[in-house]
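Each remark here refers to the structure printed beneath this line.
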Amino acid sequence: MSEHDIWNVFRGDNKSTSDMIFTTKSHHVIQFMTNVHVFLANQTGSKDVCDFKITGNWSKKNCTIYMGDTSTTIAQVNKMQSSENVKFVKDKFMVTINPNVDYAVVVTLIGIVEAMRSLNKKGEVATGSGVGAVLGSVLS
């Protein structure tokens, strides 16, 4: 894997392993498909078994977030459809989160996937995209 396939998420601005929350690993089976495994930092089980899995087609805003390496869905991302009452939905999507699931975790995972897909050729997150853009659109 290249360095851009692995993302580490920390508390605040710290970069020490004691402040790591989780790590994501992207598996590129097919270029346009999303396949991201998320490993919590305090994981006590096998390091090969993910805590969350995100699969689907992010460019079409159609992804599912699963609990671990199971078929248990915790959230679903779908592209918003325009209607007479709802306009300007080109880059908008809706998220359905199952009961008893931490919304902050789901929004963070979506932000990470968006940032991974928004890398420019220099390996930098493009301006106006990524975690900040996702959180900004969620909070606005």
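No lab work stands behind these numbers, since they all come straight from the coordinates. As the structure is a computational prediction, the values presented were derived from the model and not from experiment. Cβ placement follows ideal geometry from the backbone for every residue including glycine, while neighbour counts extend to all protein chains displayed.
3J(HN,Hα) couplings calculated from phi for region 102-110 with the Karplus curve 6.51 cos²θ - 1.76 cosθ + 1.60 (θ = phi - 60°) are, in sequence order, 5, 4, 4, 5, 5, 5, 5, 4, 5 Hz; Gly and Pro show x.
Here the Karplus relation 6.51 cos²θ - 1.76 cosθ + 1.60, evaluated at θ = phi - 60°, turns the backbone of region 53-63 into coupling constants of 9, 10, 10, x, 10, 5, 4, 9, 6, 9, 9 Hz, with x for every Gly and Pro.
Can you figure out the FRET efficiency of residue 33 with residue 11, using R₀ = 25 Å and their beta-carbon distance, to the nearest 0.05? The calculated FRET efficiency here is 0.20. You can think of it this way: the chain between residue 79 and residue 67 has 2.2 nm of extra reach, that is 0.36 nm per residue less the Cα-Cα gap.
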